[in-house]
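Quick notes on the structure that follows.
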Amino acid sequence: MIIPLAHENLRGRRWPWVTTAIIAINFVVFLATNGPMNRELQQISRAELHILLLSARYPDTQLPPDAEQMVGAYKLQHPDVYAQMAAPNRSQPVDSWDLQLLSSSLSPEQANAEMASLTSELQQARDGSIVWTYAFHPFHPTLRSYITASFLHGGWLHIIFNMWFLWLAGTILEDTWGRVVYPIFYLVCGALGFVIHGVVFPGSLVPALGASGAIAGLMGAFLARFPKTNIRLAWILFLKPIKFNVPAYIILPLWLLIEVFWGAVFAAARAEGGVAHWAHIGGFAFGALGALLLKYTGIEHSLDQAIDAKVSWTADPRIVRATDSLAENNPAGAIASLRQLVAEKPDSVEGWEMLLAAQQRRQDAAGQKETLETLCRLHAGAGEMESAWNDYVQFTHLGGQKISRGVWLALCRHLESKHDWEGAATEYERLAENNPRERAGISALVSAAGIRLTHLNEPQRAARLFQAAAGSPVPHTDLDAAIQEGLQRCAKSTPSAQPGAYSR
């Protein structure tokens, strides 16, 4: 599984309050509605199923207009399934109610009475229900559902992934378009996504809900406006993430192609599946077109200038110049402005992070290594160890070999605190290898040996590390006792050769 972690334009000129508010509203609504909505869905689905089964077995049964619309839509959308329901030799019941239906023969009056009872049960289940009132129903859509359905979610994974994608795509777009146009754009993309879903599955009885269509619209807008932005991804392989950067113009079209593929598969099979792929496709397409429209009509430029006028009094002018340079695809100009800034303010995390984004845009590997080493130190000094570790990982991926001893030790201890014993031992060993004539190098050898002995059950490797520490010419009398004790423990833990043992 591949998960997006961040992108290089994640920091904006001001806090994304609208995006934050949308995420908060979604979580509040989810906590208030998730349990009741699941119960309502069960009741409504059961009543709808019984109406379909009864109408299939007794096709002359009188149907109220609403039920007639539902049955007609289902027959159009799923003719094969309905034909199976109507088969005279059908013998496998779907539930106890269906078993009673199959085992009895109803007169027309009895069938009509049963249908009236079922439609009354369905109406009672629908009346005041969250699902019927606020979710999007393709066979019977309401005007408000085009908006309200975007704030309903069907489970924890559904809302968590949606809100994370919203944060990644929405923050930069809110910073670009402002706090009025951005939320309108978001809601319109969600509504248009539901429109496309309803066009592809006009007779569906499955309610569509979730912010996926709106967020797909933001993803389409992100691609249209920031195609060269690097997106940081994590590939979860055997519970250990592999992190790498991919430009938006590669990963987002690939995601869209996957959605189109599955959307075509389910459309051909006349089945929605569990994901509203066509809502994603529609939202993405409208988002990309809308973003281009805002750009080329000049509306985006006017909005951007208005935001600059509000925030420029608090922003360093070199940050403003660098932001403009990046928007004009001039990373060299941005780097020049930011170099001036960090020379004057060497502890400016914002300056260094923006410098890194400009260097990534220019593909300046040497400059990125220098910047990442500084960011790693600043983040570690601020106690932001996870950020410092991410900086260090990028630094090593670019070929970086050595950072300051104090920061390196802090990173090793951070890995220990996370119980990442293999990672901690490896970094201690790298620290020692790069500082062979320093007191910190000997201490790192002892720490690595202790981890490999105690937590990784590698006594032979631990012994070699203890021996390397013992043989170091660097004074380390205060560590001698720990080294000797470690060697003794290694000797006890190392299995001795037994008679008849063999190698293979």
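Overview of results
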item: Unique residue being buried (at least 17 other Cβ atoms within 10 Å of the Cβ) and either of a type in the set (Asp, Glu) or over 30 Å from TYR82 (Cα atoms) (or both) when the list is LEU205, LEU209, LEU233, LEU237; result: LEU233
item: Cβ-Cβ under 8 Å pairs, at least 6 apart or on other chains, the range 170-185 side farther than 23 Å from TYR146 by Cβ, far side among the charged types (D, E, K, R) and at pLDDT below 90; result: ASP175/ARG13; ASP175/ARG14; THR176/GLU300; THR176/ASP304
item: Among the candidates GLY170, GLY190, residue that is in a helix (DSSP H, G or I), within 30 Å of GLN69 (Cα to Cα) and not assigned by TED's automatic domain parsing to the domain that holds ILE130; result: GLY190
item: Complete set of residues in the range 165-185 that are touching a strand residue (DSSP E or B) at 6+ places or on another chain (Cβ under 8 Å) and not β-branched (Val, Ile, Thr); result: PHE165, LEU168
item: Scan of the range 350-366 for residues that are assigned to a helix (DSSP H, G or I) and either buried (at least 18 other Cβ atoms within 10 Å of the Cβ) or free of Cβ contacts under 8 Å to residues at least 24 places away in the same chain (or both), ordered by number; result: GLY351, TRP352, GLU353, MET354, LEU355, LEU356, ALA357, ALA358, GLN359, GLN360, ARG361, ALA366
item: Selection count where residues are modelled with pLDDT of 90 or more and charged (D, E, K, R), scope the range 310-345; result: 3
item: Exclusive hit being more than 20 Å from ASP304 (Cβ to Cβ), aromatic (Phe, Trp, Tyr) and touching an Asp or Glu at 6+ places or on another chain (Cβ under 6 Å), set PHE165, PHE136, PHE201; result: PHE201
item: Cβ-Cβ under 6 Å pairs, at least 6 apart or on other chains, the range 424-437 side surrounded by fewer than 16 Cβ atoms within 10 Å (Cβ to Cβ), far side in a helix (DSSP H, G or I) and at pLDDT 95 or above; result: none
item: Search result, residues across the range 444-460 that are assigned to a helix (DSSP H, G or I) and within 19 Å of ASP420 (Cα to Cα); result: ALA444, LEU445, VAL446, SER447, ALA448, ALA449, GLY450, ILE451, ARG452, LEU453, THR454, PRO459
item: Candidates ILE3, ILE51, ILE44, ILE23 - the one that is within 20 Å of the chain's Cα centre (by Cα), aliphatic (A, V, I, L, M) and crowded, with 18+ Cβ neighbours inside 10 Å; result: ILE23
item: Filter result (under 17 Å from GLU370 (Cβ atoms) and part of a loop (DSSP other than H, G, I, E, B)) within the range 315-347; result: LYS345, PRO346, ASP347
item: Enumeration of residues in the range 334-364 that are over 21 Å from HIS7 (Cα atoms) and small (Gly, Ala, Ser); result: ALA336, SER337, ALA343
item: Exclusive hit being under 39 Å from the mean Cα position of the chain (by Cα) and under 30 Å from VAL29 (Cβ atoms), set TYR82, TYR134; result: TYR134
item: Selection status of ILE483, of a type in the set (A, V, I, L, M) and under 25 Å from ALA388 (Cβ atoms); result: no
item: The range 122-160, residues that are farther than 16 Å from GLN42 by Cα, outside any helix (DSSP H, G or I) and either in contact with a helix residue (DSSP H, G or I) (Cβ under 7 Å, 6 or more places away or on another chain) or not polar (S, T, N, Q) (or both); result: PHE136, PRO138, PHE139, HIS140, PRO141, LEU143, ARG144, LEU152
item: Criterion violated by ILE403 - all others in (1) in contact with a Ser or Thr (Cβ under 7 Å, 6 or more places away or on another chain); (2) closer than 30 Å to GLN359 by Cα satisfied; result: (1)
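Here is a yes/no grid of residues against (1) of a type outside the set (A, V, I, L, M, F, W, C); (2) closer than 29 Å to ALA382 by Cβ; (3) not assigned by TED's automatic domain parsing to the domain that holds ALA382:
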site: GLN394; (1), (2), (3): yes, yes, no
site: ARG430; (1), (2), (3): yes, yes, yes
site: ILE442; (1), (2), (3): no, yes, yes
site: GLN460; (1), (2), (3): yes, no, yes
site: LEU465; (1), (2), (3): no, no, yes
site: ALA482; (1), (2), (3): no, no, yes
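Here's the yes/no breakdown for (1) outside any helix (DSSP H, G or I); (2) surrounded by fewer than 18 Cβ atoms within 10 Å (Cβ to Cβ):
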residue: ALA56; (1), (2): no, no
residue: ASP66; (1), (2): no, yes
residue: GLN69; (1), (2): no, yes
residue: GLY72; (1), (2): no, yes
residue: GLN84; (1), (2): no, yes
residue: PRO88; (1), (2): yes, yes
residue: SER91; (1), (2): yes, yes
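Conditions (1) crowded, with 20+ Cβ neighbours inside 10 Å; (2) more than 30 Å from HIS7 (Cα to Cα); (3) of a type outside the set (Gly, Ala, Ser), marked per residue:
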position	(1), (2), (3)
SER96	no, yes, no
LEU118	yes, yes, yes
THR133	no, yes, yes
HIS140	no, yes, yes
ARG144	no, yes, yes
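The values are calculated or read from the model by the stated rules, or taken from the named source; none is laboratory data. Computed from a prediction, not measured in an experiment: that's the story for all the values here. Cβ atoms come from the backbone with ideal geometry, glycine included; neighbour counts cover every protein chain shown.
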